[in-house]
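Peer 1: Attaching a single structure in structure tokens format; questions to follow.
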Amino acid sequence: MDAYFTPQSTQGHVLCCLCGISIPPNPSNMCVNCIRNQVDITEGIQKQVTVLWCKMCGRYLQPPKHWLQAEQESKELLTFCIKRIRGLQKVKLVDAGFIWTEPHSMRLKVKLTVQAEVMNGAILQQSFVVEFIVERHMCPACNRQNANPNSWIACVQVRQHVQHKRTFFFLEQLILKHGVDQSCVNVKNIHEGVDFYFSNRAHANKFVDFLQSVVPIRHRSDKQLVSHDVHTSNYNYKYTFSVELAPICKDDLVCLPPKAATSHGGIGPVVLCTRVTNALTLIDPKTLQVATIEAPMYWRIPFRPMMSSKQLSEFIVLDIEPVDAKGCHQQGKLHLAECLVARLADFGANDQTYTTYTHLGHILHPGDHALGYDVANANLVDNNLDAAEQKGYQLMDVVLVRKSYAEKRQRRRAKGVSRAWKLKRLDMEVDEEEDAKAGGRRRNGEVSAAEQEAADMERFLEELEEDADLRSRIAIYKDSQAAAAARNAMEHDMQGSDEDDDVPEIPLEELLDDLAAMQLDGENA
């Protein structure tokens, strides 16, 4: 038998003082419905708010003068809306979220859940909706741009004194990938460079810092007084930043100054540029020795290319053998090899051949075509090279730069096979005066500026296909229409040879989906 008796405990109930229903006791002795009827904790909280939105740039005005960039139904926009509600500091905010509205309704609705203490310490929770009326109002920056498209405060003039624009094509893709062009008022394409215009000096400074992080540059700035108010001592200036890119590009053959060669382990001095970032990567084709020259070091001891890509000649590889020299036969993917080559233009016309060393031993085979510098027949004028030859340096007759796929690419284009990818481009304004001057300076037989730019762009696209490291730094998008056309062309040419299969291509897994094109396709559907 149980010696103890445990009484069953029950919770006491009381009657609501207003409606008389049975409720658990609380400090107010009232049910929830009666409390809500007697007290409104949302009283004094703004239920309708007007916000200003700029249609041109999609920003919202955060008083007094700041304009906030926020996407629809984003966390940033929700935070902005909550901060605009007056009286919300009197209650405790528990939850907040958007209620869907039509995009063209110019309304934003936010559902808020708040708590507050009422009637002798009772906690009441209540939900309500705040409506935001969106009014169009042009921000000062867009207003100035709309009134005068040529109005700008700061201009960044980027120049590179070379005979091609491949560096600017690469720089354009870096700018688009990192979104640096969003603060640009205008972009103008001129001879030997590009001008970027900004409505704020701070944006120009930020742009120069970005350029300094991706390419080797040096810059200087200047300012010009536009107006002066003697009563308030306000000065209005226009700022100009002059940015010069190093004239050394990928595939350039350079002869290093003695001081630069010595400070980098006695490399060269005749070396080949293989990569350009915010530093220059150079390789000695004789020994595979690699050196990296930072931008400050280059500008302290500047040098120019001895031969550039415009002087490349096509060679045919007759024989190639790997070199097993200890410590210098391999550098990463590169392999040192001794090869016998002949100029393609002279092949069959004479028996002139050249023996040289190359860093392309991993991809070249007998019968392949390669592009290189015909140093033996070139007229070289370089003080650094003269000093090196006086010390006994032996210059190679031919310096091979890269494997050539020109003939195979031409056959693929003839079959109708095109690239299954594309690049985005900046909306640039062409300087008509500079273009007219360049056309007037053109001699008979020379290509026009547009033809030269198209050739440079084609070479840049080929570099992206051949260099995985280069394309990993930019955004490349799928081109569904071109991909479908390429598949059809390949299906119709199934009986063709497999000689063109080794042409470099960009794998599909490295391509990004073009969201803008997908959105347009969805709307058309």
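The values are calculated or read from the model by the stated rules, or taken from the named source; none is laboratory data. Please read all numbers here as calculations on a predicted model, not as lab measurements. Note that we place each Cβ from the backbone using ideal geometry, even for glycine, and neighbour counts take in every protein chain shown. To get the accessible areas, we keep the full protein, side chains included, count just its heavy atoms, and leave off ligands, DNA and RNA. Shrake-Rupley method; radii C 1.70, N 1.55, O 1.52, S 1.80 Å.
Peer 1: Among the residues of the stretch 193-203, count how many are touching a strand residue (DSSP E or B) at 6+ places or on another chain (Cβ under 6 Å) and not aromatic (F, W, Y).
Peer 2: Looking only at that region, the number is 5.
Peer 1: Can we say K206 is of a type in the set (K, R), modelled with pLDDT of 90 or more, more than 30 Å from N236 (Cα to Cα) and out of contact with any strand residue (DSSP E or B) (no Cβ under 8 Å at 6 or more places or on another chain)? It would help to see each step written out before you state the result.
Peer 2: Details: of a type in the set (K, R): yes; modelled with pLDDT of 90 or more: yes; more than 30 Å from N236 (Cα to Cα): no; out of contact with any strand residue (DSSP E or B) (no Cβ under 8 Å at 6 or more places or on another chain): yes.
When the stated conditions are applied, K206 does not pass them.
Peer 1: Check every one of the strands (runs of 3 or more DSSP E) wholly within the stretch 193-301 and list those with 1 or more residues that are over 30 Å from V381 (Cβ atoms) and aliphatic (A, V, I, L, M).
Peer 2: It comes to 193-198, 217-229.
Peer 1: I've got another one for you. Restricting the search to the stretch 83-138, which residues are in a strand (DSSP E or B) and out of contact with any strand residue (DSSP E or B) (no Cβ under 7 Å at 6 or more places or on another chain)? Walk me through it before giving the result.
Peer 2: Kept after step one, since they are in a strand (DSSP E or B), are these residues of the stretch 83-138: 92-99, 107-118, 122-136.
Result: A122, single match.
Peer 1: Right, here's the next one. Under 6 Å by Cβ, and 6 or more places apart or on different chains, what pairs join a residue from the stretch 355-370 that is farther than 19 Å from E466 by Cα and at pLDDT 90 or above with one that is open to solvent by 10 Å² or more (accessible area, probe 1.4 Å) and not hydrophobic (A, V, I, L, M, F, W, C)?
Peer 2: Pairs that qualify, where the first residue is farther than 19 Å from E466 by Cα and at pLDDT 90 or above and the partner is open to solvent by 10 Å² or more (accessible area, probe 1.4 Å) and not hydrophobic (A, V, I, L, M, F, W, C), are Y357/K286; Y357/E338; P366/D319.
Peer 1: Confirm whether Y235 is of a type in the set (F, W, Y), surrounded by fewer than 22 Cβ atoms within 10 Å (Cβ to Cβ), touching a strand residue (DSSP E or B) at 6+ places or on another chain (Cβ under 9 Å) and under 30 Å from E294 (Cβ atoms).
Peer 2: No: the conditions fail for Y235.
Peer 1: So which of K65, K47 is touching a residue at least 60 places away in the same chain (Cβ under 8 Å) and either among the polar types (S, T, N, Q) or open to solvent by 60 Å² or more (accessible area, probe 1.4 Å) (or both)?
Peer 2: After ruling out the rest, the residue left standing is K47.
Peer 1: Only one of (1) of a type in the set (A, V, I, L, M); (2) within 28 Å of P504 (Cβ to Cβ); (3) open to solvent by less than 40 Å² (accessible area, probe 1.4 Å) fails for A406. Which number is that?
Peer 2: (3)
Peer 1: Name the helices (runs of 4 or more DSSP H) wholly within the stretch 426-525 that hold at least 3 residues that are at pLDDT 85 or above? Give the derivation first.
Peer 2: Numbers: elements: 432-441, 449-466, 468-471, 480-492, 515-524.
Fully inside the stretch 426-525 and qualifying: 449-466, 468-471.
Peer 1: Which pairs turn up if I take residues in the stretch 210-237 that are within 16 Å of L171 (Cα to Cα) and look for partners that are open to solvent by less than 90 Å² (accessible area, probe 1.4 Å) and basic (K, R) with beta carbon separation below 9 Å, at least 6 apart in sequence or on another chain?
Peer 2: V214/R473
Peer 1: Quick check on this structure: which one of R413, R409 is part of a helix (DSSP H, G or I) and without any contact (Cβ under 8 Å) to a residue 12 or more places away in the chain? Spell out how you get there, then give the answer.
Peer 2: Values: R409 fails: without any contact (Cβ under 8 Å) to a residue 12 or more places away in the chain.
Just one listed residue meets the conditions, R413.
Peer 1: Right, here's the next one. State whether the residues of the stretch 93-111 include one that is open to solvent by less than 70 Å² (accessible area, probe 1.4 Å) and in contact (Cβ under 8 Å) with a residue 40 or more places away in the chain.
Peer 2: There is at least one residue in the stretch 93-111 that is open to solvent by less than 70 Å² (accessible area, probe 1.4 Å) and in contact (Cβ under 8 Å) with a residue 40 or more places away in the chain.
Okay, residues lined up against (1) over 17 Å from R159 (Cβ atoms); (2) of a type outside the set (D, E, K, R):
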residue: S213; (1), (2): yes, yes
residue: H219; (1), (2): no, yes
residue: S227; (1), (2): yes, yes
residue: K238; (1), (2): yes, no
residue: S242; (1), (2): no, yes
residue: P247; (1), (2): no, yes
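Peer 1: Please give the number of the condition N146 fails out of (1) open to solvent by 30 Å² or more (accessible area, probe 1.4 Å); (2) in a strand (DSSP E or B); (3) not hydroxyl-bearing (S, T, Y).
Peer 2: Of (1) open to solvent by 30 Å² or more (accessible area, probe 1.4 Å); (2) in a strand (DSSP E or B); (3) not hydroxyl-bearing (S, T, Y), only one is false for N146: (2).
Peer 1: Separate question: When you go through G367, G361, G348, G332 one by one, which is the residue that is over 20 Å from Q394 (Cα atoms) and open to solvent by 70 Å² or more (accessible area, probe 1.4 Å)? Break it down stepwise before answering.
Peer 2: Numbers: G367 fails: open to solvent by 70 Å² or more (accessible area, probe 1.4 Å); G361 fails: open to solvent by 70 Å² or more (accessible area, probe 1.4 Å); G332 fails: open to solvent by 70 Å² or more (accessible area, probe 1.4 Å).
Of G367, G361, G348, G332, the one residue that is over 20 Å from Q394 (Cα atoms) and open to solvent by 70 Å² or more (accessible area, probe 1.4 Å) is G348.
Peer 1: Here's another thing I want to ask about it. Kindly provide the set of residues from the stretch 164-192 that are open to solvent by 20 Å² or more (accessible area, probe 1.4 Å), out of contact with any strand residue (DSSP E or B) (no Cβ under 6 Å at 6 or more places or on another chain) and assigned to a loop (DSSP other than H, G, I, E, B), ordered by number.
Peer 2: Answer for the stretch 164-192, where residues must be open to solvent by 20 Å² or more (accessible area, probe 1.4 Å), out of contact with any strand residue (DSSP E or B) (no Cβ under 6 Å at 6 or more places or on another chain) and assigned to a loop (DSSP other than H, G, I, E, B): K165, G179, H191.
Peer 1: Right, another one. Just a yes or no: is a residue in the stretch 256-263 open to solvent by 50 Å² or more (accessible area, probe 1.4 Å), touching a residue at least 40 places away in the same chain (Cβ under 8 Å) and under 22 Å from the mean Cα position of the chain (by Cα)? Can you show your working first?
Peer 2: So in the stretch 256-263, the residues open to solvent by 50 Å² or more (accessible area, probe 1.4 Å) come out as 258-259, 262-263.
Keeping just the survivors that are touching a residue at least 40 places away in the same chain (Cβ under 8 Å) gives 258-259.
So of that shortlist, the ones also under 22 Å from the mean Cα position of the chain (by Cα) come out as none.
No, there is no match, as no residue in the stretch 256-263 is open to solvent by 50 Å² or more (accessible area, probe 1.4 Å), touching a residue at least 40 places away in the same chain (Cβ under 8 Å) and under 22 Å from the mean Cα position of the chain (by Cα).
Peer 1: Name, by its number, the condition in (1) crowded, with 16+ Cβ neighbours inside 10 Å; (2) of a type in the set (V, I, T); (3) at pLDDT below 90 that does not hold for V130.
Peer 2: So the condition that V130 fails would be (3).
Peer 1: Still on this structure, please answer the following. Determine whether D319 is more than 21 Å from C249 (Cβ to Cβ), assigned to a strand (DSSP E or B) and open to solvent by 40 Å² or more (accessible area, probe 1.4 Å).
Peer 2: Yes, satisfied.
Peer 1: Considering every residue within the stretch 211-225, establish whether at least one is farther than 23 Å from S309 by Cβ, at pLDDT 90 or above and of a type in the set (S, T, Y).
Peer 2: Yes: the stretch 211-225 contains one or more residues that are farther than 23 Å from S309 by Cβ, at pLDDT 90 or above and of a type in the set (S, T, Y).
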